[in-house]
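Colleague: Mind looking over this structure? Questions follow.
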Amino acid sequence: MCCTDADKKRFADICANIGELRRRSGGIGTLSERTLHAAIKKYIEPDEEKHERRVCGAFADILDGSRIVEVQTRGFDRLRKKLDAFFCGYRVEIVYPIPYKKWIVWIDGSTGETTKRRKSPRKGSFCDCFFELYKLKPYLTNEKLSVRLMLVELEEYRLKNGWSADGKRGSTRFERFPLALEDEMVLRTPEDYRRLLPKDLPEEFTVKDFSEKTGLTVRRAGTAVNVLFSIGQLDRTGKKGRAWMYKVK
């Protein structure tokens, strides 16, 4: 799935409207539902009558007939109990927004003053999903589950309350305002996860090779390879020194 220009425009309009309302209300970091979460829900399902519906003893972000949509920005481990309940009679789509381009705004906790925004040097990619998907490994092969990845440009407000001298290291993320949609990908079957593999990956490769081709840290590349191996998309072919060698199954 690739988003169209019409999808991008509609997403940008929703973000602008929700963001402006929340800025005017002075609600940065004070509302029960974060702005990023609210904007994506509105984009996925404009009819708010279908939002926050109680199903199987839990609240679903969106209920549309036999489909449940859960927007999850992090902490996928918290979804396990919900999935166990929802799978009894529903298909479930997890929507995961990934920061593709990020602008940072710092907030002084004592004065409330904000800095001019600066652009983060790192760009996100679809491969960033594996850190969270690892927490749902046993569920990824369930035919009732699909995962929708969204690459999103956003503005992130952070409180300068960290342990370093400038208060930035170990700081608290306060709020995120989505700005634009770059692209989308939907993973419905285990085979769909092959689309996350780099095109120039060697026929046989190690975790380190995967790290170099994706830009992920070696640790996160190891998580990605672990997920792909667990859902049956990679085979182990032997070892190179102490490192396992893999190839696409």
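The values are calculated or read from the model by the stated rules, or taken from the named source; none is laboratory data. Note that the structure is predicted; figures quoted are calculated from it, not measured. Cβ coordinates were reconstructed from backbone atoms using ideal geometry, including for glycine residues, and neighbour counts include every protein chain displayed. Calculation scope for accessible area: heavy atoms of the full protein, side chains included, ligands and nucleic acids excluded. Shrake-Rupley method; radii C 1.70, N 1.55, O 1.52, S 1.80 Å.
Colleague: Looking only at segment 141-164, which residues are more than 25 Å from Ile18 (Cβ to Cβ) and touching a Phe, Trp or Tyr at 6+ places or on another chain (Cβ under 8 Å)?
Modeller: Asn142, Lys144, Leu145, Lys160
Colleague: A further question on this structure: Could you check segment 206-231 and list, in sequence order, the residues that are open to solvent by 80 Å² or more (accessible area, probe 1.4 Å) and β-branched (Val, Ile, Thr)?
Modeller: Thr217, Val218
Colleague: In addition: Check off (1) outside any loop (DSSP other than H, G, I, E, B); (2) touching a strand residue (DSSP E or B) at 6+ places or on another chain (Cβ under 7 Å); (3) of a type outside the set (Asp, Glu); (4) open to solvent by 20 Å² or more (accessible area, probe 1.4 Å) for Pro138 and give me the number that stays unchecked.
Modeller: Going through (1) outside any loop (DSSP other than H, G, I, E, B); (2) touching a strand residue (DSSP E or B) at 6+ places or on another chain (Cβ under 7 Å); (3) of a type outside the set (Asp, Glu); (4) open to solvent by 20 Å² or more (accessible area, probe 1.4 Å) one by one, Pro138 breaks only (2).
Colleague: Oh, and also: Of all residues in segment 141-165 being assigned to a loop (DSSP other than H, G, I, E, B) and modelled with pLDDT under 95, which is farthest from Ala224 (Cα to Cα)?
Modeller: Ala165
Colleague: Which pairs turn up if I take residues in segment 179-200 that are farther than 15 Å from Ile98 by Cβ and part of a helix (DSSP H, G or I) and look for partners that are open to solvent by 30 Å² or more (accessible area, probe 1.4 Å) and polar (S, T, N, Q) with beta carbon separation below 6 Å, at least 6 apart in sequence or on another chain?
Modeller: Between residues of segment 179-200 that are farther than 15 Å from Ile98 by Cβ and part of a helix (DSSP H, G or I) and residues that are open to solvent by 30 Å² or more (accessible area, probe 1.4 Å) and polar (S, T, N, Q), the close pairs are Pro190/Thr141.
Yes or no, residue by residue, for (1) surrounded by fewer than 19 Cβ atoms within 10 Å (Cβ to Cβ); (2) at pLDDT 95 or above; (3) under 18 Å from the mean Cα position of the chain (by Cα):
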{"site": "Met1", "(1), (2), (3)": "yes, no, yes"}
{"site": "Leu21", "(1), (2), (3)": "yes, no, no"}
{"site": "Phe59", "(1), (2), (3)": "yes, no, no"}
{"site": "Thr73", "(1), (2), (3)": "yes, no, yes"}
{"site": "Lys81", "(1), (2), (3)": "yes, no, no"}
{"site": "Ala85", "(1), (2), (3)": "yes, no, no"}
{"site": "Tyr96", "(1), (2), (3)": "no, yes, yes"}
{"site": "Thr115", "(1), (2), (3)": "yes, no, no"}
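Colleague: In segment 156-181, what count of residues is obtained for those that are open to solvent by 20 Å² or more (accessible area, probe 1.4 Å) and under 18 Å from His37 (Cβ atoms)?
Modeller: 8
Colleague: While we're looking at this one, here's another question. Whether any residue in segment 230-246 is in contact with a Gly (Cβ under 7 Å, 6 or more places away or on another chain) and assigned to a strand (DSSP E or B) is what I want to check.
Modeller: The answer is yes, given that some residue of segment 230-246 is in contact with a Gly (Cβ under 7 Å, 6 or more places away or on another chain) and assigned to a strand (DSSP E or B).
Colleague: Could you check segment 80-94 and list, in sequence order, the residues that are under 23 Å from Pro178 (Cα atoms) and not acidic (Asp, Glu)?
Modeller: Ile94
Colleague: Next up: When both residues are 6+ apart or on different chains and their Cβ atoms are under 8 Å apart, which pairs have a first residue that lies in segment 42-71 and is hydroxyl-bearing (Ser, Thr, Tyr), and a second that is in a strand (DSSP E or B) and open to solvent by less than 60 Å² (accessible area, probe 1.4 Å)?
Modeller: Tyr43/Leu181
Colleague: Filter segment 232-249 down to residues that are surrounded by fewer than 18 Cβ atoms within 10 Å (Cβ to Cβ) and within 26 Å of Arg188 (Cβ to Cβ) and give me whichever is nearest to the chain's Cα centre (by Cα).
Modeller: Per the criteria, the residue is Gly232.
Colleague: Consider Cys127 carefully, then state whether it is in a loop (DSSP other than H, G, I, E, B) and either of a type in the set (A, V, I, L, M, F, W, C) or closer than 20 Å to Ser171 by Cα (or both).
Modeller: No.
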